[in-house]
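Here the structure is laid out as structure tokens; the discussion comes afterwards.
The values are calculated or read from the model by the stated rules, or taken from the named source; none is laboratory data. Just so you know, these numbers come straight off a predicted model, no measurement behind them. We place every Cβ from the backbone using ideal geometry, glycine too, and count neighbours over all the protein chains shown. These area figures cover heavy atoms from the full protein model, side chains too; ligands, DNA and RNA do not enter into them. Shrake-Rupley method; radii C 1.70, N 1.55, O 1.52, S 1.80 Å.
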Amino acid sequence: NGQLNTNGPSLSIDVAAVWQLQNGGIGNIGRIRQQRAERDLASIEFTRTIFRVKSEVTQAVARLQTARVRVVETAEGLRQAIESADKNFIGLRETARPAGELLRLIIRPQEVVAAIIALETAYEQYAPAVSEYNTAQFDLYRALGQPAQWVTFGGNKG
């Protein structure tokens, strides 16, 4: 109300509009350009980050696929080496004795030794292949944005 001598409620509303013009408007144009440049820079950094992540994921997938092929190949070699060693051990126990002759081995001991060396070589190739495959899997999880805790604890903790 407009009376000064009353103690009743009063209502007053203030409205203010602020408009700022810096340096005759040239400062405002400069600020607009600066903010556009900052926005463009952020966009470029975002694009770089996307391409970096895509590159890391692609490389990790390629390493995983290569490691998978190597594990399959070395596993087959290991299977063959085990089979060969087993057959050589069985053959070492088999003998032939034609009438009146001395005991003759079907499989010579040096053939068994060669089979064991081949088995050792197969294991030496298989173990690093499996390790490389596990590392490639871990690298792929990391490239996809999964933290190490997610991989080691199965996603339950972290």
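Annotations for the structure displayed:
- Rough spin-label spacing in nm, given labels placed 7 Å along Cα→Cβ, for Thr58 and Gln149: 3.3
- Accessible area of the range 27-67 belonging to carbon and sulfur atoms, whole % at 1.4 Å probe: 58
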